[in-house]
Amino acid sequence: MTEQLKLSIKNLNVFYGDKQALYNINLNIMEKEVTSLIGPSGCGKSTLLKCINRMNDLVEICKTDGQVLLDSKDINDASQDPVLLRMKVGMVFQKPNPFPKSIYDNVAFGPTLHGMTNSKEELDHVVIESLSKSGLYDEVKDRLFDPGTGLSGGQQQRLCIARALAVNPEILLMDEPCSALDPIATAKIEDLIAELKEQYTIVIVTHSMQQAARVSDRTAYMHMGELIESGLTKTIFSNPQHQKTQDYITGRIG
Amino acid sequence: MIEILLITILSLALYGFALNKKKAKVLSEINILHSQPHYHGLYTAFLTIVPAIILLISWSFIMNIIMGANLKDYFSDITDAGLVEFYTNGVIDYVEGTTDAIIDHVGFIPAVEYYQSLQKTSSILQFIVTLTLALILFRYSMRFVEVQFKARDHIERVVVIIMRASAVFAIFVTLGIVLSLLFETLRFFDSVNVFDFLFGLHWSPQMAIRADQVGSSGSFGAVPVFTGTLLISFIAMAVAGPIGMYSAIYLSQYASDRVRSYAKPIIEILAGIPTVVYGFFAVITVAPFFRDLGAFLTFTNMSSESALIAGSVLGIMIIPFVASLTDDALTAVPKSLKEGSLAMGATLSETTKKVIIPASFHGIVGSFLLAFSRAIGETMIVVMAAGFAANLTFNPFDSVSTVTVQIVGLLTGDQEFDSPKTLSAFALAFVLFFITLILNVISLSIVKRYREQYE
Amino acid sequence: MNNISSRNQSEKRFQFYGKVAVTLAISFLVILLYNIFSTGISAFQQTYVAVKLDIPASVDKKSINPRSYLNKSFLEMFPPEVKSRNERKAVLSLLSKGAKYEFQELLEDNESSSLQGYFWFLASADLDMYIKGTVKRQGDTAGRLDEVQMQYVDILESKNLVELQSNKYLFSAADSREPEMAGIRGAIIGSLYAILIAFLVSFPIAVLSAVYLEKLASKNKFSDLIETNINNLAAVPSIVFGLLGLAIFLNFFNLPRSAPLVGGLTLALMTLPTIVIASRAAIKSVPPSIEEAAIGLGASKVQTIFGFTLPLAMPGILTGTIIGIAQAIGETAPLLMIGMVAFVVDIPGGPMEPSTALPVQIFLWADSPERAFTERTSAAIMVLLVFLVLLNLTAIYLRKKLEKKW
């Protein structure tokens, strides 16, 4: 196999207060591939996603144990600064959430924050590059200083992707990025995902099995906080090993 | 007299209620009534009471005006209109028994006698006319107890009218404020030039007590009063702004739910403490503290009524206003923005400073304006902790005065009628009302527009 | 790249500022309350001096002049060197001016029995402050007590003839020039009258107008005007309401100055917007499904409002009303404008009689140069705060009850 292991989740358990949300998850994610997490609502897909960039830290009652190894280093280790982790692991949310700033400032937010550029020209370059990567540049090049909130839903989501790309992450997490969008905007984002996997490792949570089938190389099926099965998308959809997976795929649950 | 009248009418109404209800009840045993029996009872009660009360109120209202006007004739030798009003009021107060003071004027005793006799006639007439009206309507209402009579609809119509009147009442309160302030203010401007008032640099209304005193004209340049108000309010904001804002940030972004659930109400207690308590606190605790601090820093020229003392205690009082309104603004920012920023690798403080505060900027400005308007209008703290002498200074260690201190000072204690000194309090109050109104309108519209942004 | 450790430091600093701000705000409250309570607690006790009386049952009590007899009895308790006029005056001023009234009462209550032994009488404020430790002994004097007086204070103390008892004047008397005889009963009653009137006037008007605006008014320019008007009225400084009261109730309607009636009416206008706003919120929170069900059963709009909407919204309305009333109880400035700031030694017998109110009494005492009034000011504040706490607890209780419903 040519592919390389990027992220490895080992024996991960997550608790919200007394309630356990994830049970003993083991999952490997390969570099420069798209991995999709599917399963009925409330199965823990988003929780698992948030464990990868430690967004769960923000939830007071949330406790995790187990390991999440990024390039063989545990991200939950005390020596790992969440800020640096989140630079490496970018995230795109369910609902587009551009900051109430200009399009330019939205994309420049990360680079400025982390001091990644030394001059105005360099920053301009990063912004333009990120917007181009997300396929938005041609649509907005004449109004870079208009508010980002004035864009259409699909454009806003691509702006958020550009914003995440601007800090040059290695992994991009996408939490149902198309659920708030119309079919045309969805198609654009899916095309974009296909392009982006040339450079980035992508983990996407999705509600739509068709989307998972279209965009992802590997798929993991989750149910009630447990990982039921994972593997190549083709295999999962054509020949599921587990009864529950089959039920979900054929539409009997979910 | 009036008590007997009221009790009579009330008993009549109660009797009518019981009577008509019973009648309707008897009817209802064999028919289906449009309205329940108690509505028939209420109908009579309403008809007996409401017109009678309206008559009663308008009667006293009109009689007051007529009798007051006639009283003026007894003091026709006096040219000063204000003095005449004062004398007529003296007569009325004497007759009503609120004062024993006999005014030394030839017209006084005849005026009192005239007023007494007039009042007697009026109250007898009032008694007879009102009672007759109530009785007629009582009798009249008896006719309507029948199957088809829509007593309920009639009553509901009256209820709706009463409700509408209640809603409109608030407008009358505002009108009352504006008119009463405006009226006296205009009278003030009869004797003092508007521009001298608004732009004059010297304020010493006390000079105008007696006509034969030196400098009897008094000076009504309100600029020192305005600057004093601003100085104290700015000091208050300098205390409440950072503390309130950082508290709101900490409680909304950092604190655990448990800490927040305790700390927030505790801070809000500060807003529930009566301001007179803060005034006392300023005098017995804060003033000595600053004096000792001043002495310790070998800083001697600090006034015991310095703007700093009043301003900082005022600041403590408005902390909760800033804190809770800022908190509202901060928590109204969608969580997705916070998450978006954190997921970019921003720390929580960077997120707060670069995303949340800019996103809630309108709301925060609104909350500061509202708190500032509170500070300007606050009275007791400054009355007790600040001085009465209006010095034109921006030195926080000096004693300054405020608009509200002047109003209280000018209107309590020995009052003269119609002197520019008393009227100037109304002019100051008018300015105060106007400015707080503007601040409030601006901040409400800012907050409203901002709220719509995220809805 | 920005230095991650410096970014983390700035994060910590920011969080620290937040903690400092919260701590400061809370400690201001603690300092304020601590100050009030520590100065005020002593006012609930009062110094009494024991005077030896020897009046057999057979003596006609009416023949006794209370003042001279009490003075004589008091002087007799000391060694006979109290001779000079000044010295006697100094000694006698250890007793309060109120002591003779207490003695008179004692005589009236025991017309046919004997009064023999030690009886306790109110001490003067100067002695009271010394016994409470508010003023300390400095050399031979203590505060306003001079050397001569201190000699006799020492004698009284050595014989245990001076002690602290509970302060019965505080809750039974009205204001007085003598601090040891001053109480807050008059002020409390004045406040209660004013609040009662404020409630009776503002509550019905506010609730009816809230109902009208929420349920009956069509949304047009006029209802917008009323709404904006009420919101702005809520932010008008309280002293402006005082001026309104002065202009309307005193000057126009010629109602008596200093009367709780006028105070109550003025406070009613002030609390009106608060209650309207709270009532509207409460009415809005009643699920429309309930009203629709009632109307579906043939109830008229007005019947629905009075039969269903208002009872369901009542806890919320009452919560808002209590908060408004709590504000009004502590309000001072408008009452100054309508003359409720007078020195009133009688307990008001009705809402038309001159009176002060509790916060105004606090203001008056705080302003007094007599140091003995300080502890009473704090005590009056404590009473006021207890009122407010009770009101707010009621409001919280009602809110809890409301939450349980849906």
### Task
Go over the candidates C:Q104, C:Q9 one by one and state the one that is within 14 Å of chain B (Cβ to nearest Cβ) and open to solvent by 40 Å² or more (accessible area, probe 1.4 Å).
C:Q9
#### Entry: Every residue from segment B:11-59 that is in contact (Cβ under 8 Å) with a residue 24 or more places away in the chain, of a type in the set (G, A, S) and closer than 18 Å to B:F127 by Cα
B:A13, B:A52
### Matching option when the condition is free of Cβ contacts under 8 Å to residues at least 12 places away in the same chain and within 30 Å of A:V167 (Cβ to Cβ), among B:T285, B:T347, B:T351
B:T347
### Message
Looking at C:A194 and the list (1) part of a helix (DSSP H, G or I); (2) open to solvent by 10 Å² or more (accessible area, probe 1.4 Å); (3) touching a residue at least 40 places away in the same chain (Cβ under 8 Å), which single condition is not satisfied?
### Response
(2)
### Query
Checking B:K338 against (1) within 12 Å of chain C (Cβ to nearest Cβ); (2) among the charged types (D, E, K, R); (3) buried (at least 21 other Cβ atoms within 10 Å of the Cβ), which test does it fail?
(1)
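Quick one: which helices (runs of 4 or more DSSP H) sit completely within segment C:295-406 and have at least 3 residues that are away from every other protein chain (no Cβ under 11 Å)?
On the way: elements: C:301-304, C:310-330, C:333-337, C:358-367, C:372-405.
In segment C:295-406, C:310-330, C:372-405 are the helices (runs of 4 or more DSSP H) which contain 3 or more residues that are away from every other protein chain (no Cβ under 11 Å).
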### Query
Listed residues B:F172, B:F197, B:F189; which is in a helix (DSSP H, G or I), in contact with a strand residue (DSSP E or B) (Cβ under 6 Å, 6 or more places away or on another chain), more than 8 Å from every other protein chain (Cβ to nearest Cβ) and within 22 Å of B:L428 (Cα to Cα)?
B:F197
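From the list B:G363, B:G413, B:G387, which residue is at pLDDT below 85 and more than 11 Å from every other protein chain (Cβ to nearest Cβ)?
Numbers: B:G363 fails: at pLDDT below 85; B:G413 fails: more than 11 Å from every other protein chain (Cβ to nearest Cβ).
Within the list B:G363, B:G413, B:G387, the selection yields B:G387.
For (1) at pLDDT below 90; (2) away from chain C (no Cβ under 14 Å); (3) open to solvent by 10 Å² or more (accessible area, probe 1.4 Å), each residue gets a yes or a no:
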{"position": "B:I209", "(1), (2), (3)": "yes, yes, yes"}
{"position": "B:S217", "(1), (2), (3)": "yes, yes, yes"}
{"position": "B:G221", "(1), (2), (3)": "yes, yes, no"}
{"position": "B:S233", "(1), (2), (3)": "no, no, no"}
{"position": "B:G241", "(1), (2), (3)": "no, no, no"}
{"position": "B:S247", "(1), (2), (3)": "no, no, no"}
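Which members of segment A:41-75 meet the condition of being part of a loop (DSSP other than H, G, I, E, B), away from chain B (no Cβ under 14 Å) and either over 25 Å from A:S216 (Cβ atoms) or open to solvent by 20 Å² or more (accessible area, probe 1.4 Å) (or both)? It would help to see each step written out before you state the result.
Taking segment A:41-75 as the starting set, the residues that turn out to be part of a loop (DSSP other than H, G, I, E, B) are A:41-44, A:53-54, A:59-61, A:71-72, A:75.
If we keep only those that are away from chain B (no Cβ under 14 Å) as well, we get A:41-44, A:71-72.
Passing the criteria: A:S41, A:G42, A:D71, A:S72.
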### Query
Has segment C:81-100 got at least one residue that is outside any loop (DSSP other than H, G, I, E, B), more than 26 Å from C:N160 (Cβ to Cβ) and either away from every other protein chain (no Cβ under 14 Å) or in contact with a Phe, Trp or Tyr (Cβ under 8 Å, 6 or more places away or on another chain) (or both)?
yes
### Query
Just checking, which of B:I316, B:I266 is buried (at least 17 other Cβ atoms within 10 Å of the Cβ) and not basic (K, R)?
B:I316
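Need at least 2 residues that are surrounded by fewer than 23 Cβ atoms within 10 Å (Cβ to Cβ) and in contact with a Phe, Trp or Tyr (Cβ under 8 Å, 6 or more places away or on another chain) per element, so show me which helices (runs of 4 or more DSSP H) inside segment A:76-146 make the cut, counting only ones lying wholly within it. Step through it out loud before you land on a result.
Numbers: elements: A:82-88, A:103-114, A:120-133, A:137-140.
Helices (runs of 4 or more DSSP H) meeting the threshold: A:103-114.
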### Query
Here is a list of conditions, (1) closer than 14 Å to B:F169 by Cβ; (2) within 7 Å of chain B (Cβ to nearest Cβ), and C:A206 meets all of them except one; can you say which number that is?
(2)
### Task
Count, please, the residues in segment B:276-313 that happen to be under 19 Å from C:A25 (Cβ atoms), facing chain C (nearest Cβ under 7 Å) and not aliphatic (A, V, I, L, M).
2
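Regarding C:A235, is this residue crowded, with 18+ Cβ neighbours inside 10 Å and more than 7 Å from chain B (Cβ to nearest Cβ)?
no
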### Task
Only residues that are more than 8 Å from chain B (Cβ to nearest Cβ) and of a type in the set (D, E, K, R): list them for segment C:242-294, please.
C:R280, C:K284, C:E291, C:E292
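Among what's in segment C:253-288 and is of a type in the set (D, E, K, R) and assigned to a helix (DSSP H, G or I), pick the residue that is modelled with the lowest pLDDT.
Going residue by residue through segment C:253-288, those that are of a type in the set (D, E, K, R) are C:257, C:280, C:284.
From what is left, the residues that are assigned to a helix (DSSP H, G or I) are C:280, C:284.
On the way: C:R280: 92, C:K284: 89.
So, considering only residues that are of a type in the set (D, E, K, R) and assigned to a helix (DSSP H, G or I), the one modelled with the lowest pLDDT is C:K284.
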### Summary
Residues of segment B:249-263 being under 14 Å from C:T23 (Cβ atoms) and surrounded by fewer than 23 Cβ atoms within 10 Å (Cβ to Cβ), in sequence order, are B:Y254, B:A255, B:V259, B:Y262, B:A263
### Checklist (1) under 30 Å from B:V382 (Cβ atoms); (2) more than 9 Å from every other protein chain (Cβ to nearest Cβ) applied to C:N229, failing item
(2)
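The values are calculated or read from the model by the stated rules, or taken from the named source; none is laboratory data. Fair warning: this is a prediction, and the values are worked out from it, not measured in the lab. Ideal geometry is used to build each Cβ from the backbone, glycine not excepted, and the neighbour counts take in all protein chains shown. Ligands, DNA and RNA are stripped out before the accessible areas are found, and what is left, the full protein with its side chains, is counted by its heavy atoms. Shrake-Rupley method; radii C 1.70, N 1.55, O 1.52, S 1.80 Å.
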